[in-house]
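S.K.: Sharing a structure, written as structure tokens. Questions coming.
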């Protein structure tokens with residue numbers, strides 16, 4: 001596979017919190033331990049990397065996440081050319097929700113909270129499917145495991161599967177996640193033949 005940056009610009013990430021305070025720098029955001037009202041890039045409106053845009057537009061399957069919501073997933077989507085390409089692409093588009101919350105970023109977030117945060121920062125219509133963990137029989141502190149998707153808007157199609165790493169329940173199991181994503185992709189392909197060709201495995 002290939003890895004492309006979302007932009008070649010020298011970009012700094014910043015956040016405005018619900019109390020009106022502002023921090024600059026990726027590491028400062030979770031350190032503030034406050035609810036984010038708005039993320040921003042500086043300089044504003046960086047140009048998207050053309051090869052990244054081309055890869056998105058020709059993809060069969062687009063997977064958003066998992067990863068740190070405010071400091072990994074969302075910053076790439078704040079590059080307007082990237083989010084625009086995701087919206088324009090004909091691919092099957094899936095948000096993979098984190099299995100565990102992150103201190104200072106997503107404390108006590110549910111699946112619906114993750115989706116709402118993305119909508120608040122970059123708008124709607126980025127993805128159709130939300131893949132969430134449904135294995136809650138793991139030992140994690142109260143409030144850390146991302147809870148079920150109660151309250152998720154019916155404009156999204158929820159797919160639930162056991163995707164948690166039994167030995168490290170803070171994280172996804174790569175094999176389980178890959179199988180869940182491919183199962184979803186093939187199911188969509190059966191219902192919507194225009195989604196083909198299938199990706200190689």
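Okay, residues lined up against (1) within 20 Å of residue 123 (Cβ to Cβ); (2) part of a loop (DSSP other than H, G, I, E, B); (3) at pLDDT below 95:
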{"position": "1", "(1), (2), (3)": "no, yes, yes"}
{"position": "13", "(1), (2), (3)": "yes, no, no"}
{"position": "29", "(1), (2), (3)": "no, no, no"}
{"position": "39", "(1), (2), (3)": "yes, no, no"}
{"position": "52", "(1), (2), (3)": "yes, no, no"}
{"position": "55", "(1), (2), (3)": "no, no, no"}
{"position": "67", "(1), (2), (3)": "yes, yes, no"}
{"position": "75", "(1), (2), (3)": "yes, no, no"}
{"position": "83", "(1), (2), (3)": "yes, no, no"}
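S.K.: Mind listing just one residue for me: the one in the stretch 39-59 that is surrounded by fewer than 17 Cβ atoms within 10 Å (Cβ to Cβ) and touching a strand residue (DSSP E or B) at 6+ places or on another chain (Cβ under 8 Å) and, of those, farthest from residue 12 (Cα to Cα)?
M.R.: Of everything passing the filter in the stretch 39-59, 47 is farthest from residue 12 (Cα to Cα).
S.K.: Then there's this: List pairs: first in the stretch 3-19 and farther than 14 Å from residue 78 by Cα, second surrounded by fewer than 16 Cβ atoms within 10 Å (Cβ to Cβ), Cβ under 7 Å, 6+ apart or cross-chain?
M.R.: 4/51; 16/22; 16/37; 16/38; 17/35; 17/37; 18/35; 18/37
S.K.: Mind checking which residues of the stretch 147-161 are assigned to a loop (DSSP other than H, G, I, E, B), touching a helix residue (DSSP H, G or I) at 6+ places or on another chain (Cβ under 6 Å) and either modelled with pLDDT of 85 or more or surrounded by 17 or more Cβ atoms within 10 Å (Cβ to Cβ) (or both)? Please lay out each step first, then the result.
M.R.: Taking the stretch 147-161 first, the residues assigned to a loop (DSSP other than H, G, I, E, B) are 148-156.
Retained after the next criterion (residues that are touching a helix residue (DSSP H, G or I) at 6+ places or on another chain (Cβ under 6 Å)): 149, 151-152.
Hits for the stretch 147-161 are 149, 152.
S.K.: One residue is enough: does the stretch 164-179 have a residue meeting the conditions within 22 Å of residue 57 (Cα to Cα) and free of Cβ contacts under 8 Å to residues at least 60 places away in the same chain?
M.R.: For the stretch 164-179, residues within 22 Å of residue 57 (Cα to Cα) and free of Cβ contacts under 8 Å to residues at least 60 places away in the same chain: present.
S.K.: Which residues, counting only those in the stretch 12-24, are more than 18 Å from residue 116 (Cβ to Cβ) and more than 20 Å from the chain's Cα centre (by Cα)? Please lay out each step first, then the result.
M.R.: First, pick out the residues of the stretch 12-24 that are more than 18 Å from residue 116 (Cβ to Cβ): 12-14, 19-24.
Within the stretch 12-24, 19, 20, 21, 22, 23, 24 meet the criteria.
S.K.: Out of all the residues in the stretch 166-198, which are at pLDDT below 95, closer than 25 Å to residue 101 by Cα and surrounded by 14 or more Cβ atoms within 10 Å (Cβ to Cβ)?
M.R.: Listed by number, the residues that qualify are 169, 170, 171.
S.K.: Quick check, is residue 29 surrounded by 12 or more Cβ atoms within 10 Å (Cβ to Cβ) and closer than 16 Å to residue 105 by Cβ? Outline the logic, then answer.
M.R.: Working: surrounded by 12 or more Cβ atoms within 10 Å (Cβ to Cβ): yes; closer than 16 Å to residue 105 by Cβ: yes.
Criteria met by residue 29.
S.K.: In the stretch 121-146, how many are in contact with a strand residue (DSSP E or B) (Cβ under 8 Å, 6 or more places away or on another chain), surrounded by fewer than 16 Cβ atoms within 10 Å (Cβ to Cβ) and more than 18 Å from residue 158 (Cα to Cα)?
M.R.: 1
S.K.: Let me ask something else about it. What's the total number of residues in the stretch 85-97 that are crowded, with 21+ Cβ neighbours inside 10 Å and in a strand (DSSP E or B)?
M.R.: Total satisfying the criteria: 4.
S.K.: Another question, then. In the stretch 105-152, what residues are on the phi > 0 side of the Ramachandran plot and without any contact (Cβ under 8 Å) to a residue 40 or more places away in the chain?
M.R.: 108, 125
The values are calculated or read from the model by the stated rules, or taken from the named source; none is laboratory data. None of the values given here were measured: they were computed from a predicted structure. So basically every Cβ, Gly included, is an ideal-geometry build from the backbone, and we count neighbours across all protein chains shown.
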